[in-house]
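The values are calculated or read from the model by the stated rules, or taken from the named source; none is laboratory data. As the structure is a computational prediction, the values presented were derived from the model and not from experiment. When we count neighbours, we look across all protein chains shown, and the Cβ atoms used for this are built from the backbone with ideal geometry, even at glycine. In case anyone asks, the SASA skips ligands and DNA or RNA and just uses the protein heavy atoms, side chains included. Shrake-Rupley method; radii C 1.70, N 1.55, O 1.52, S 1.80 Å.
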Amino acid sequence: MAITVKAYAEHERLALVPTLRRADDLQITVLTQANTDPGSHLFPFWFEYEDVDKLERFLEDDPTVDDYELVDEGEDTHIYYIEHAERTKLLSPVVTQVNGFMSWAETKRRGWFLQLQLPDREALTTIWEYAEEYGVSFEIVEVYGRPRNETNVAYGLTEQQVEALTVAYECGYFSEPREMALSDVADEIGLSSTAMSGRLRRGMRNLISAALLDGEDID
C-alpha cells in the first residue's frame, strides 16, 4: 500500500543545517525542480531571511555547501542554487532508491521536516535503517496511506477513527442543532460514551493535523 510519511530529520551535517543553526528566524524550503539532467548537482532552495549579506556569509562558512548562486530575490526572500559538499548527509538518495519522492521539505527547529511519498512500509523501513546507519535522527511524525485501487485519502486516521467520524456525521452528531447525543452515537458501534468521545477527539486531531496544519504540531 502506498503511504505518505511526515518525518523530522536532524543532524549537524544535513544540508544547510549549519546555516540554519547560526541564523535566527531563518526559514528554508526545498523547491521542486524540473531538471532532467541526472548529472546535475545544483538544487534550488527558497530562503526567507532579511539580511542577504549575513546569509551569504553563513553559506560561505557552511561545511555542507560547496557552492551557491543567487538566482532570484524579493524583499526578504531569496532563491539560491546550492551545490552540496561531498560530506553532506542527504536522505534524498535513499528515498529515490526505494522508488519514493520527497513532496515537501522545510526547515523546522534544528533540522528538516519532510513529507515523503513511498510505495510501501518496507520503503520506510529502508529509509529509517539508512538514517540509523549514518547517525541521522529520523523521527516519524505520521504515516497514512491508502490502497492503490482506492481514491479516498486516509488523512492519518485509523480505520476505527474513520468509522467513528463517519457514523457520528451520518447520525447528525455534528449538525447544528445536534440531532443525536454522544451516548446514542456510541451505541451505534458498541462503544461507551467515554471511548467514543476519545476516538472522535483523536480522529479530529489527526484530521486537522494532516489536512490543515501540515505537520506544524511537531513544534
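Scanning segment 25-39 for residues that are assigned to a strand (DSSP E or B) and either modelled with pLDDT of 95 or more or farther than 15 Å from D72 by Cα (or both) gives Q27, I28, T29.
Results for (1) open to solvent by less than 80 Å² (accessible area, probe 1.4 Å); (2) outside any strand (DSSP E or B), shown as yes or no for each residue.
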{"residue": "L20", "(1), (2)": "yes, yes"}
{"residue": "R57", "(1), (2)": "no, yes"}
{"residue": "L70", "(1), (2)": "yes, no"}
{"residue": "E86", "(1), (2)": "no, yes"}
{"residue": "P93", "(1), (2)": "yes, yes"}
{"residue": "S103", "(1), (2)": "yes, no"}
{"residue": "E106", "(1), (2)": "yes, no"}
{"residue": "W112", "(1), (2)": "yes, no"}
{"residue": "A123", "(1), (2)": "yes, yes"}
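Out of all the residues in segment 72-84, which are open to solvent by 70 Å² or more (accessible area, probe 1.4 Å) and under 16 Å from R57 (Cα atoms)? Y81, the sole residue that qualifies. Among residues that are charged (D, E, K, R) and either at pLDDT 95 or above or not assigned by the TED database to the domain that holds R13 (or both), D51 is not included.
Screening the candidates E188, E176, E216 for the property of being more than 17 Å from I3 (Cβ to Cβ), modelled with pLDDT of 90 or more and not aliphatic (A, V, I, L, M) yields one hit, E188. Counting only residues that are closer than 15 Å to M204 by Cα and of a type in the set (G, A, S), segment 168-182 holds 1 of them.
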